[in-house]
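Below you'll find the structure, written out as structure tokens, and then a few comments.
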Amino acid sequence: MQLDGTAIMQELREDHRNMAAILDQLDDVTWLASSGKDPDFPLLGEIMRYMTVYPDAVHHPKEDVMYERLRSERPDLSEGLDDVCEDHRAIAELGARLRDDVEAVIAGAAVRREKLIEDASAYVGRLRAHMQWEEGDLFKRIDSMLDAEPMNFDVSRYAHVRDPLFGTQVDDNFERLTTSMRP
Ligand SMILES: [Fe+2]
Ligand SMILES: [Fe+2]
């Protein structure tokens with residue numbers, strides 16, 4: 001399935017808005033933990049599950065398709081692009097570390113509060129900085145490429161994966177997260 005590049009960029013920017021809202025939730029939970037209160041661990045579990053099943057599994061690979069084309073079509077706009085792979089890898093690793101902490105707590109294991117706060121801050125910081133880089137620089141380079149020459153992209157590998165939280169139907173597994181995000 002081929003999709004127009006500008007439509008994909010719209011999706012990617014919408015993903016970022018959604019991910020920013022989730023990171024705000026994660027901030028709130030971390031703040032609660034650092035002020036000595038017990039955070040809502042099942043909520044934290046839902047947050048990290050969402051990050052694994054959508055941003056890690058769909059958003060980043062879709063971006064990789066765009067960056068790959070930028071690299072092959074517009075080497076003149078591809079400076080520093082190698083760092084993206086490392087960023088995506090590091091974000092997945094930091095996310096997995098935090099998810100492990102949370103799952104351990106939910107399973108009844110003792111996890112130092114400081115470790116949880118540290119891991120959450122590292123994850124949020126890295127992902128926010130990465131999204132800012134993309135919004136402020138990388139996505140604009142892709143826009144320039146598409147302005148100069150409209151292109152289609154094959155994203156059929158991800159087309160069947162719906163966003164379980166911000167899509168048309170909310171997955172039951174994200175009930176707490178949905179409630180906590182309600183204004
Ligand atoms: Fe990215
Ligand atoms: Fe992104």
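Just so you know, all these numbers are worked out from the coordinates, no wet-lab data involved. A quick note: this is a predicted structure, and the numbers were derived from the prediction, not measured. Cβ: placed from backbone, ideal geometry, glycine included. Neighbour counts: every protein chain shown.
With the charge dipole of the range 1-152 set up from +1 on Lys and Arg Cβ and -1 on Asp and Glu Cβ about the Cα centre, the Cα lying farthest toward the positive end among the listed residues THR30, SER144, ALA107 is that of ALA107.
Dividing the convex hull volume of the alpha carbon atoms of the range 2-181 by its residue count, what do you get in Å³ per residue? Each step should come with its number before you reach the end.
On the way: hull volume 20.2 nm³, N = 180.
That works out to 112 Å³ per residue.
Summary value for the chain: 41 percent relative contact order, contacts being C-alpha pairs under 8 angstrom separated by 6+ residues.
Rounded to the nearest whole Hz, the Karplus-based 3J(HN,Hα) values (6.51 cos²θ - 1.76 cosθ + 1.60, θ = phi - 60°) of the range 121-128 follow the sequence 5, 4, 5, 4, x, 5, 5, 5, with x at glycine and proline.
LYS115 to ASP64: FRET efficiency via 1/(1 + (r/R0)^6), r the Cβ-Cβ distance, R0 45 Å, to the nearest 0.05?
The calculated FRET efficiency here is 0.90.
Each residue in LEU26, LEU32 was given a count of other beta-carbon atoms within 10 angstrom of its own, and listing them fewest first yields LEU32, LEU26.
Quick one: dipole size for the range 2-181, taken about the Cα centre, charges +1 on Lys/Arg Cβ and -1 on Asp/Glu Cβ, in debye to the nearest 20. Write down the numbers at each step before the final one.
Numbers: 21 positive and 39 negative charges, 83 e Å.
Here the range 2-181 has a charge dipole of around 400 debye.
Fully extending the segment from ASP172 to ILE106, taken as 0.36 nm per residue of separation minus the present Cα-Cα distance, adds 21.9 nm.
Think of it as helices only: each DSSP H run of n ≥ 4 in the chain is worth -39500 (n - 2.57), and spread over all residues that comes to -22000 deg cm²/dmol at 222 nm. Spacing of the modelled spin labels on GLU86 and ASN152, each 7 Å from Cα toward Cβ, amounts to 3.7 nm.
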